[in-house]
Structure formats: structure tokens, C-alpha cells
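Worksheet for the structure shown next.
The values are calculated or read from the model by the stated rules, or taken from the named source; none is laboratory data. Source: prediction; values computed, not measured. Using ideal geometry, Cβ is built from the backbone for each residue, glycine included, and neighbour counts are taken over all protein chains shown. Heavy atoms of the whole protein, side chains included, go into the accessibility calculation; ligands, DNA and RNA do not. Shrake-Rupley method; radii C 1.70, N 1.55, O 1.52, S 1.80 Å.
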Amino acid sequence: GWLQGIARRYVVPHGILHYLPFGALPRPQGKGARFLVEEYEVTYLPAAAALVYGAGAENPDGTLLALAPALARLPYAQEEARSLSQFFPARSSVLVGRQATESSFKRAAGGYRVIHLATHGYFNKLNPLFSGVQLEPDQAEDGRLEVHEILGMRLRANLVTLSACETALGSGYFAEVPAGDDFVGLTRAFLFAGSLSVLASLWEVNDRSTLSLMRSFYRHLHLGRAPKATALAQAQRAMLRTGSRYRHPYFWAPFVLVGAMQ
């Protein structure tokens with residue numbers, strides 16, 4: 001067919017299709033079936049214009065900014081954030097527990113190429129501008145990093161990873177406002193703020209399996225110098241090949257890359 005030899009695909013979903021993990025779709029082959037992710041690297045776009053967001057921005061000096069607040073109550077999130085620093089030994093910053101404040105994030109985020117948030121996302125379907133992610137409060141901020149605040153930031157990141165539950169959904173599960181059709185979803189907010197790509201999850205994820213997937217993703221991304229779409233596909237394929245329960249699509253399929261593949 002006309003897509004023969006093409007290993008990478010962009011998908012621009014509409015409405016309810018934003019909830020669909022395309023990588024987990026079965027692809028009939030011979031006597032059995034393979035998942036789409038086993039043959040293709042799939043990246044989502046809210047629109048083709050998203051590929052120009054952040055284009056031409058110079059790289060900041062910082063490599064990794066990782067935050068894992070205590071309020072998220074995710075047992076493996078802080079271990080996840082700390083473990084990623086091994087892939088970025090120079091000019092990285094890891095803020096965990098009470099140090100992972102909203103104020104610290106706002107001050108530092110513009111100076112890092114990779115931003116990793118190991119925390120919960122939450123959604124306000126009545127006013128999506130007040131959807132956001134949970135960080136730690138302090139005297140200056142309430143700890144709720146909301147979409148309207150993200151839209152006002154100026155990032156120079158190559159990647160923002162939202163390693164949390166349901167962070168790619170713009171409006172909540174099957175709400176009156178179709179997911180992703182509104183401009184103000186979390187992923188779109190970070191793209192608009194200047195990140196070239198966002199890695200996020202489509203549903204509530206197991207934080208122990210996420211720890212394994214994230215380590216694998218960053219190992220391929222940084223040590224193997226793989227493009228982001230390739231690194232994600234390799235991490236998902238590795239989990240799929242394990243003999244553990246983590247081979248089930250529930251554990252690896254929710255993570256999607258939105259924005260630029262490279």
C-alpha cells in the first residue's frame with residue numbers, strides 16, 4: 001500500500017478519538033494479530049500547526065527539571081523523579097516532597113530542556129482553564145498549577161512529561177465537552193507555552209509500572225539518542241515483551257506523545 005515502508009505516523013484525533021490509544025489497536029497479521037505500536041511509532045497532534053510551536057527557540061542551559069510532590073501520594077513518584085537524574089548528570093534539578101512547590105516550578109521551568117512532573121492531573125469540565133496538575137503549596141502559590149497559568153508561561157523545553165493519571169484528557173471522561181476539542185487541555189497548554197512535545201497519559205496509571213516505563217523511555221531517549229517517538233515505542237515494546245502482568249495494554253498503552261516526534 002501507499003504507507004509501505006513508513007514507520008512513523010502522526011495522528012490528529014477528533015472528539016472521542018482523543019481517548020483512543022492508537023498504539024494498542026490490533027493489526028491483523030497472518031494467523032495472529034500484533035499491536036500497532038509493534039510496527040509503528042505513533043504521535044498525536046492537536047493540529048498540524050502544533051509542529052511550529054516553539055520552533056527556533058534556543059536550548060536553555062538546564063537539562064532536566066523533575067518534580068514529585070508529596071501531596072500526590074504516589075508511592076513510586078519520588079523514586080521515579082530521582083532515578084531520571086542518572087540520564088541527565090549535568091545541570092539537572094530534582095525537587096521531591098515538600099520541595100516540589102508551584103513557585104519553584106514557575107521560577108525554574110523556563111531554563112530546562114526536559115520537564116518531568118510525577119504527580120496527579122485534575123480536570124474542571126465547567127471551566128477547563130482551571131484544570132491543572134498538583135504541586136506543593138507555599139506562601140506565594142496554592143500548589144495547583146492550572147491551565148490558565150501554564151498558558152502565561154514561556155517555556156523552551158524540548159519535552160514536558162506528565163507522568164500522572166489522565167493528564168492527556170482535556171475535559172474528563174466522556175464529558176459534555178469533547179476531550180481535546182477545547183484548546184485548553186493540559187497538553188495543548190504546555191505546547192502553547194513553548195514545549196515542542198508533551199508525553200502524557202490517557203487514563204489513571206499504575207505508578208509502579210510507570211516507574212519502569214519511564215526509566216526505559218529516558219534510557220532510550222538520552223543514552224540511545226533516540227527520537228522521542230522512537231524512545232516511547234521502544235519502551236512500550238519492551239514492556240509488551242515482558243512475562244509480567246505489565247505486558248497488558250492497560251499498563252503501557254495510555255502514554256501518548258503529543259507534538260513533535262524528534
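How much mean residue ellipticity at 222 nm does the chain get from its helices, if each DSSP H run of length 4 or more adds -39500 (n - 2.57) and you divide by all residues, to the nearest 500 deg cm²/dmol?
Details: 7 runs with 58 residues, N = 262.
One gets -6000 deg cm²/dmol as the mean residue ellipticity at 222 nm.
Using a 10 Å cut-off on Cβ atoms, rank the peptides 216-226, 236-246 from the highest mean neighbour count down. Let's see the in-between values first.
Details: 216-226: 18.4, 236-246: 15.2.
Ranking the peptides 216-226, 236-246 by packing returns 216-226, 236-246.
Given a 1.4 Å probe and the protein chains all in place, what does the accessible area of K106 round to, in Å² to the nearest 10?
Roughly 70 Å² of K106 is accessible to a 1.4 Å probe.
Nearest 5 percent is fine: what portion of the DSSP beta bridges confined to the chain is antiparallel?
On the way: 14 of 36 bridges.
Of the beta bridges lying entirely in the chain, close to 40 percent run antiparallel.
Of I6, I16, I115, which has the most accessible area with a 1.4 Å probe, and how do the rest follow in descending order?
Working: I6 75, I16 95, I115 0 Å².
Highest to lowest solvent-accessible surface, that is I16, I6, I115.
Measure off, as a whole percent, the carbon and sulfur share of the 1.4 Å-probe accessible area of the chain, all protein chains present.
Values: 6330 of 11690 Å².
Its accessible area is 54 percent carbon and sulfur atoms.
How much solvent-accessible surface does E80 expose, in Å² to the nearest 10, with a 1.4 Å probe and all protein chains in place?
Number for this one is 10 Å².
With a 1.4 Å probe and all protein chains kept in place, how much accessible area does Y250 have, in Å² rounded to the nearest 10?
Approximately 90 Å² of Y250 is accessible to the 1.4 Å probe.
Apply the Karplus curve 6.51 cos²θ - 1.76 cosθ + 1.60, θ = phi - 60°, to the phi angles in region 138-151 and return the couplings in whole Hz, x for Gly and Pro.
Karplus-based 3J(HN,Hα) across region 138-151 equals 8, 5, 9, 9, 8, x, 9, 7, 9, 4, 5, 6, 4, 4 Hz.
When the Cα centres of region 61-131 and region 210-259 are compared, how far apart do they sit, in Å?
Comparing the Cα centres of region 61-131 and region 210-259, I get a distance of 19 Å.
Send over a whole-number figure in Å² for the accessible area per residue of the chain, probe 1.4 Å.
Numbers: 11690 Å² over 262 residues.
Heavy-atom accessible area per residue stands at 45 Å².
Over the chain, what is the relative contact order in percent, taking alpha-carbon pairs closer than 8 angstrom and at least six residues apart? It would help to have the intermediate numbers written out before the result.
Working: 582 pairs, mean separation 54.8, N = 262.
That works out to 21 percent.
Take the alpha-carbon positions of the chain, form their convex hull, and give its projected area averaged over all directions (one quarter of the hull surface) in nm².
Numbers: hull surface 56.5 nm².
The directionally averaged projection comes out at 14.1 nm².
Report the local net charge at A229: Lys and Arg +1, Asp and Glu -1, summed over other residues whose C-beta lies under 15 Å from its C-beta.
Values: positive: R8, R9, R225, K228, R237; negative: E38, E39, E41.
Result for the local shell: +2.
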